[in-house]
Amino acid sequence: MDKILIEGGAPLRGTVRVSGAKNAALPVVAAALLAEGDHVVRNVPDLADVRTMGRLLGHAGCTFERVAGSPAAVVVRTPRSVNPEAPYELVRTMRASVLVLGPMLSRWGRARVSLPGGCAIGARPIDQHLKALTALGAELTLAHGYVEGRVPRGRLRGTTFTFDKETVTGTENVMMAAALAEGRTVLENCAREPEVGDLAAALVRMGAHIEGAGTQRIVIDGVDSLSGLDHDVIPDRIEAGTFLVVGALPRNEVTVAGALPDHMEALVEKLRLAGATVEEVPGGIRVAGPDRPRPVDVRTAPFPGFPTDMQAQMMVLLALADGSSVIKETVFENRFMHVLELERLGAEIAVDGKVAVVKGVPALSGAPVMASDLRASAALVLAGLAAQGTTEVRRVYHLDRGYERIEAKLEPLGARIRRVTA
Ligand code: UD1
């Protein structure tokens, strides 16, 4: 198992370029199931989760290949009929595998998809996906760890559905299913994340009729068939945000090329309150850290709120603040698993349920730590960069699910970081 070794304390300066968004690439690539033929998706990051989605499509009978000479582009070839199944061995490593359910049901009228695994960050049900697909006319049963679905009348039928809870992949799954349903679907209380908007843009280019993506009400007029995908995935706002936090650490100054300010307002606001200087520059965002961060209270919420996927990284900055900050996690349960590891580096954090009180310390000190989930591992890398001495981050496979060679991106900024392959 790979480890990342960091010799912390070096000031970091320079420009880092953000990759395509994992959380946009996954649904867009899954959308290739909706139409026969060749699909081209560009700016697709080369990440473990994306490879898992490729294997899922491969299991179904599609081909999934990187384009020689332009590795950020992927070509998917979807045959006329597929094996509409997503097996446990693939789904267990990635919760977003459930994104194939909607397309399979709407295109082939049947699907068999294992219940998801993914990050160990609390109970993560898919009841909203299932409820909405049922409202569209699918018959779903849960048996032996699988969702088995069929559409008795052959084609899904448009409906009005209100999500009980905003769900990102739920909104995406149902939007894809409704794109080929008969008639109009109105979805209320939808997730407004930019990745939902990016998927809608990709579907519209395939010939779908979708309005309102990015708002809480999405209206989809189903069409009989769709054509091939041709799409550029948006930049990854969570990877970009992670690098913005790097820039906001004391003595650092980092330009994140490709970061889209409109996608990052909640984070930028908190970084400024923490004393960082953040400015838009042509093609990106530049951030410079204060001598010592100020404490800031943070509450995670669905977009446009502060992203839960940035909570752990922000905690590292606040762990070094001159005072106490309160972080409230409202999206997921059990998303403070990085706290124990940050404490090993000298952070002072008290957790009570969904609330963490972070009492800033003047410095962190390096230690061996263990990554527990994707964003927690990014936080540990950031903490290692800021800490004095050596930090060894173990279980890097979590990190590799969502960050494209993070060490190779940080090293040119002056980070003393390297991967050790066991
Ligand atoms: C997506 C992101 C993930 C991010 C999360 C929240 C992808 C591939 N992943 O995950 O990185 O952390 O959004 O921004 O895009 N819920 C239910 N029932 C459901 C679905 C969700 O109760 O059917 C709950 C979840 O347990 C959670 C909340 O709703 O508490 C939000 O989850 P959701 O938006 O669905 O997260 P994902 O789409 O899995």
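For the reader, a short list of remarks on this structure follows.
- For G389, nonlocal amide neighbours, meaning residues 5 or more places apart or on other chains whose placed amide H falls under 5 Å from its own, are G8, G366.
- The percentage of C-alpha pairs in region 196-242 whose separation is greater than 15 Å is 51%.
- Here each label is just a point 7 Å from Cα along the line to Cβ, and for V223 and V186 those points are 2.3 nm apart.
- Each label point was placed 7 Å from the Cα along the Cα-to-Cβ direction; for E411 and H59 their separation is 3.4 nm.
- Taking packing as the residue-averaged number of other Cβ atoms within 10 angstrom, the listed peptides 331-343, 406-418, 91-103 run from highest to lowest as 91-103, 331-343, 406-418.
- Coarse-grained scattering of region 25-232 at q = 0.13, 0.18 Å⁻¹, given as base-10 log I(q)/I(0) from a Debye sum over alpha-carbon atoms: -0.62, -1.29
- Solvent-accessible heavy-atom area per residue, rounded to whole Å², over the chain at 1.4 Å: 38
- Over region 58-97, all Cα pairs binned in 5 Å intervals from 0 give whole-percent P(r) values of 6, 21, 18, 22, 21, 11, 2, listed from short to long.
- Heavy-atom accessible surface of the chain: percent carbon and sulfur, 1.4 Å: 49
- Its DSSP H runs of at least 4 residues, each contributing -39,500 (n - 2.57), put the calculated 222 nm mean residue ellipticity of the chain at -8500 deg cm²/dmol, to the nearest 500.
- Long pairs among K328/K359; K165/K359; K131/K354; K270/K359; K22/K354, criterion Cα-Cα beyond 21 Å: K165/K359; K131/K354; K22/K354
- Relative contact order (%) - criterion: Cα under 8 Å, at least six apart; region: region 25-232: 20
- For region 283-422, alpha-carbon Rg relative to the globular expectation (2.2 N^0.38 Å, N residues): 1.01
- Helix 194-205 axis, angle to the chain major axis (alpha carbon atoms, nearest 10°): 30
- The S81 and V420 beta-carbon pair, evaluated with R₀ = 60 Å, returns a calculated FRET efficiency of approximately 0.85.
- Counting only Cα atoms, the size of the chain along its three principal axes is 65, 45, 43 Å, in decreasing order.
The values are calculated or read from the model by the stated rules, or taken from the named source; none is laboratory data. Everything quoted here is computed from the prediction, not taken from an experiment. Neighbour counts are summed over all protein chains in view; Cβ atoms, including those assigned to glycine, are modelled from backbone coordinates with ideal geometry. Only protein heavy atoms, including side chains, enter the accessible area calculation; ligands, DNA and RNA are left aside. Shrake-Rupley method; radii C 1.70, N 1.55, O 1.52, S 1.80 Å.
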